[in-house]
Amino acid sequence: MYKSVDASVMRQFNKQTVLSLLYQQEQTSRVDISEQTGLNRATVSSLVDELIDEQFVEEVGFGASSGGRKPILLRFNARAGYTIGIDVQISYITTVVTDAVRRVVYENRCQLDARTHSLTADRLFDVLKKEIGLAIEVCPPSPRGLFGIGIGLPGLVNYATGHVSYLPNLNITEWPIVEQLSEIYPQTIVIDNDANCGAWAIYLSHRIKNLLFINAGIGVGSGIVLNGRVYRGRDGIAGEAGHTTISTIGVLCSCGNYGCWEQYSSEQALARYLREQGVDPADEFSPLFVSHCVHHAQRDVEAYSNSLRSLGQSLGIGISNLLQIFNPEAIFLGGTIAEAESIILPEIQRVIRHRAISKNKDMPIKIAPHPTVAVGAAGLALAQAIDIFPATTEKEH
Ligand SMILES: [Zn+2]
């Protein structure tokens, strides 16, 4: 009796291992899977047949022969099902629907106006329901249906418990968001810090095992992938790089401290730099604020180019600090601030060459395209829904 239970548990474990492998590789074959997992060929064949029956996997023709018969190539079925990913920022929300191989089939960006109106958890919940409803309507029909919903949030959130501790710039505290959403939606629902979602999306698309993702918008956060796993720390709040001190006598931050990196490298900082130069940034809380600043800077309005350069220099200081700690394989910059890449990137690289040590000086900073965070949130929900990367996502079952 116990023996058969063990065998079925083992078979399920092996099946998830094969599915994880197929999800991570564009194409592979039964022989390759056997070699990569150490499972014997008969077991792999039987598990793959099961996954084909379940429409998770499809055969796509023959690969090159290495002497014997040509192997049949396999790939994860992109149309197996769909996932919703949401990136909640202070001034806007981006919602995507992705297919099973993370391609975006729908994207919607709506304004949030959290800074100009007082936003409560109830109001944000209503906005999320509306955005999820719109996304569900456009999900194409598929054999596995909607896998799940992933939400990236700007602040202290606990991925394992689905609980929001504190969203500083939104003034929302202690919110059991996953529990509330689960009363409406039966699918898997996952929340994570927005920068963690971005880091996970970059890991999935670039296969870089050690990387940092800096999400810079109205606030600044960082997501950390170490050895192919999102590093969340003891309480799920690792990566709050925006609240590391870069000036002991600096500007007061929403966290209560003075001189946080976020106060020098975010949209809030950009608006302050402009005011210091005598410009009143009227559209400070608009989702288009940064792109408007770039537009003015490109027309040689000095206050705008000076302010964006100052922003780039401050980003460079914080990124140099992170480089000294992590010496990662790559750093990606995302969020609205990344829209100013033509002006800020040269400044960031100049500061890094000046401040970072040894080989860190040569680290190229790459720009993450919009909507990386929403795609990463969807990716986390999919991983949870079909139980792949169990050791990576570290969710409590
Ligand atoms: Zn702070």
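The values are calculated or read from the model by the stated rules, or taken from the named source; none is laboratory data. Quantities reported herein were computed from a predicted structural model and do not represent experimental measurements. Virtual Cβ from ideal backbone geometry, glycine too; neighbours counted across all protein chains shown.
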Can you name the residue in region 48-87 that is in contact with a Phe, Trp or Tyr (Cβ under 8 Å, 6 or more places away or on another chain) and of a type in the set (Gly, Ala, Ser) and is also farthest from Thr188 (Cα to Cα) among such residues?
Ala80
Hits in region 250-261 - residues which are closer than 20 Å to Ala271 by Cβ and either modelled with pLDDT under 95 or over 24 Å from the mean Cα position of the chain (by Cα) (or both)
Gly250, Val251, Leu252, Cys253, Ser254, Cys255, Asn257, Tyr258, Gly259
Given (1) surrounded by fewer than 22 Cβ atoms within 10 Å (Cβ to Cβ); (2) under 24 Å from Gln263 (Cα atoms), number of the condition Ala385 does not satisfy
(2)
When you look at Gln180, is it more than 22 Å from the chain's Cα centre (by Cα), under 24 Å from Thr95 (Cβ atoms) and away from the ligand (no atom under 16 Å from the Cβ), yes or no?
yes
Please give the number of the condition Ile367 fails out of (1) at pLDDT below 95; (2) surrounded by fewer than 18 Cβ atoms within 10 Å (Cβ to Cβ); (3) of a type in the set (A, V, I, L, M, F, W, C); (4) under 26 Å from Arg109 (Cα atoms).
(1)
Any residue at all in region 304-315 that is at pLDDT below 95, out of contact with any Pro (no Cβ under 6 Å at 6 or more places or on another chain) and more than 22 Å from Asn193 (Cα to Cα)?
no
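Residue-by-condition table, conditions (1) acidic (Asp, Glu); (2) touching a strand residue (DSSP E or B) at 6+ places or on another chain (Cβ under 6 Å); (3) under 30 Å from Gly221 (Cα atoms):
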| position | (1), (2), (3) |
| --- | --- |
| Ser46 | no, no, no |
| Glu54 | yes, no, no |
| Arg69 | no, no, no |
| Arg75 | no, yes, no |
| Val88 | no, yes, yes |
| Leu112 | no, yes, yes |
May I ask you to list pairs of residues, at least six apart or on different chains, whose Cβ atoms are under 6 Å apart, with the first in region 239-267 being farther than 25 Å from Phe289 by Cα and the second being within 8 Å of the ligand (Cβ to nearest atom) and of a type in the set (A, V, I, L, M)?
none
Determine if region 341-357 includes at least one residue that is under 25 Å from Leu112 (Cα atoms) and either at pLDDT 95 or above or under 23 Å from the mean Cα position of the chain (by Cα) (or both).
yes
Ser247, sole failed condition from (1) surrounded by 15 or more Cβ atoms within 10 Å (Cβ to Cβ); (2) modelled with pLDDT of 95 or more; (3) within 16 Å of the ligand (Cβ to nearest atom):
(1)
Go through region 53-83 and report how many residues are surrounded by 15 or more Cβ atoms within 10 Å (Cβ to Cβ) and not in a loop (DSSP other than H, G, I, E, B).
8
Set Val105, Val60: member being touching a residue at least 12 places away in the same chain (Cβ under 8 Å) and not assigned by TED's automatic domain parsing to the domain that holds Ser45:
Val105
Scan region 250-276 for residues that are buried (at least 22 other Cβ atoms within 10 Å of the Cβ), more than 9 Å from the ligand (Cβ to nearest atom) and of a type in the set (Asp, Glu) and jot them down.
Glu267
